Amino acid sequence: MTGDAYEEIAGVAWDGLFHAYGTATDTPAHLRGLLGGDEAEVSAAFGHLWSAILHQGTVWPATAPAVRVVASALTRPALREGALAFLRAVAVATDPGDHADGLRAEAYPEDPAARAAIDAWVAAYAAADEDDQVDMWDDGTGDLVLRRAALDCYDAFPDLLAPVAGLLGDPEPAVRTAAWSAATVLARHPAAVPSAADLGGRLERLAGAAGGAEERASLVLDLGDLGGAPRAWLADPHLVVRGAAALAPALAEDPEALDVLVDLARSPRAFDALSALPRFGGEPARWTLIAAVCARVPDAARLYPAALAALPLAFRLAPCPDLGPYLRVAFPGGWPTDPSPHQCALARAVGERDELWDPLNGNRKITFRHLGLPDDRAAWRGL
């Protein structure tokens with residue numbers, strides 16, 4: 001562990017902060033274990049980070065100081081991939097988009113008395129026992145504390161970007177991919193705009209030189225996240241790279257990009273080749289593809305072949321991320337009284353597939369209820 005990291009841990013009043021499971025007095029030991037411990041201590045430290053410091057997408061007052069220490073782990077090759085994944089997850093969880101000013105005004109009010117009341121709540125919470133802590137969430141002050149915690153993490157983005165961006169060319173492919181993905185989120189902070197411009201150029205050069213399709217697709221996705229329009233990659237020989245380019249928000253209305261998305265959606269599992277990328281959080285990449293194509297191309301006739309391709313994947317979760325978006329496009333007003341030919345065709349396809357109609361499939365029932373559609377096979381066949 002570096003002396004600076006040790007001093008940073010020692011300089012935080014952890015007993016005045018809390019995480020998902022209470023006062024953060026256990027956090028400094030885990031952070032020291034992360035940066036200087038054996039394999040078991042490192043594993044326990046990452047477990048603490050993913051459960052207590054970032055809990056199911058929620059950050060806490062202890063998160064921002066912990067994140068700054070975790071950035072020190074990037075100097076150790078064995079810790080880089082895990083540290084980058086954690087930093088990205090915190091960044092995604094705390095990026096306020098266009099709402100930073102409004103959230104800041106609520107979390108850090110101009111009235112000194114109101115601001116002091118929030119500070120006092122944190123101190124009282126950290127000192128309270130578990131039962132009293134539960135009761136303290138009733139008055140709404142705790143929500144302001146969590147907004148502060150998120151903003152404190154967000155304001156660390158510019159400081160975190162430099163060490164993360166320093167790993168864009170790491171010799172390990174998994175580290176490079178994690179670094180690209182983390183850097184594009186951290187670059188969203190207004191104070192990081194100059195660095196973001198340089199980052200975009202670096203990613204574009206790396207994408208142009210990348211030999212593998214999956215690595216190139218990852219870089220192209222990151223370029224899109226930075227606000228770029230990676231139009232050149234719409235002509236890439238690999239379908240997943242073309243799809244990655246087409247997903248760029250800047251190309252949301254580009255006719256060529258829309259054609260690529262519609263084409264790729266007919267083979268949705270092809271895009272799952274990218275599912276291991278950090279941005280997808282362990283979920284199938286096709287879910288991002290399907291959500292995007294249905295949002296950008298609300299044309300049931302044009303999406304009909306893609307909807308048919310999603311049928312074998314349907315109703316494994318609820319609401320169904322594979323078929324549900326297509327049903328929303330095809331039946332925007334719920335069950336029709338005067339159905340269109342495409343509604344009739346899709347209803348027939350749904351009604352004919354025996355495996356979709358297991359009477360115990362609660363995911364189907366929930367999905368249909370969510371969309372205002374009947375959970376009645378006879379009705380689908382009849383339409």
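The values are calculated or read from the model by the stated rules, or taken from the named source; none is laboratory data. It should be emphasised that the depicted structure is a prediction, and the values quoted were computed from it without experimental measurement. Please note: Cβ atoms are built from the backbone with ideal geometry, for glycine as well, and neighbour counts cover all protein chains shown.
If you check Val193 against the conditions, is it surrounded by fewer than 20 Cβ atoms within 10 Å (Cβ to Cβ), part of a helix (DSSP H, G or I) and either in contact (Cβ under 8 Å) with a residue 60 or more places away in the chain or of a type in the set (Val, Ile, Thr) (or both)? So Val193 passes the test. With a requirement of 3 or more residues that are outside the structural domain of Pro332 (by TED's automatic domain parsing) and small (Gly, Ala, Ser), the helices (runs of 4 or more DSSP H) lying completely within segment 200-306 that satisfy it span 213-225, 239-246, 285-296. Once segment 53-84 is narrowed to residues that are polar (S, T, N, Q) and crowded, with 21+ Cβ neighbours inside 10 Å, the residue that is farthest from Pro28 (Cα to Cα) is Ser72.
Condition check for Glu110 on (1) surrounded by 15 or more Cβ atoms within 10 Å (Cβ to Cβ); (2) free of Cβ contacts under 8 Å to residues at least 60 places away in the same chain; (3) part of a loop (DSSP other than H, G, I, E, B): one failure, at (1).
Test Ala174 against the stated conditions and say whether it is aliphatic (A, V, I, L, M) and within 20 Å of the chain's Cα centre (by Cα). So Ala174 fits the description; yes. Any chance segment 91-99 includes a residue that's touching a Cys at 6+ places or on another chain (Cβ under 9 Å), more than 24 Å from Gly16 (Cβ to Cβ) and not acidic (Asp, Glu)? There is at least one residue in segment 91-99 that is touching a Cys at 6+ places or on another chain (Cβ under 9 Å), more than 24 Å from Gly16 (Cβ to Cβ) and not acidic (Asp, Glu).
Starting from residues that are out of contact with any helix residue (DSSP H, G or I) (no Cβ under 6 Å at 6 or more places or on another chain) and modelled with pLDDT of 95 or more, keep the ones in segment 14-31 and report whichever is nearest to Ala83 (Cα to Cα). Looking at the filtered set, the residue picked out is Ala29. Among the residues that make up segment 117-126, is at least one of them within 25 Å of His189 (Cβ to Cβ), out of contact with any strand residue (DSSP E or B) (no Cβ under 9 Å at 6 or more places or on another chain) and either free of Cβ contacts under 8 Å to residues at least 12 places away in the same chain or of a type outside the set (D, E, K, R) (or both)? Yes: segment 117-126 contains one or more residues that are within 25 Å of His189 (Cβ to Cβ), out of contact with any strand residue (DSSP E or B) (no Cβ under 9 Å at 6 or more places or on another chain) and either free of Cβ contacts under 8 Å to residues at least 12 places away in the same chain or of a type outside the set (D, E, K, R) (or both).
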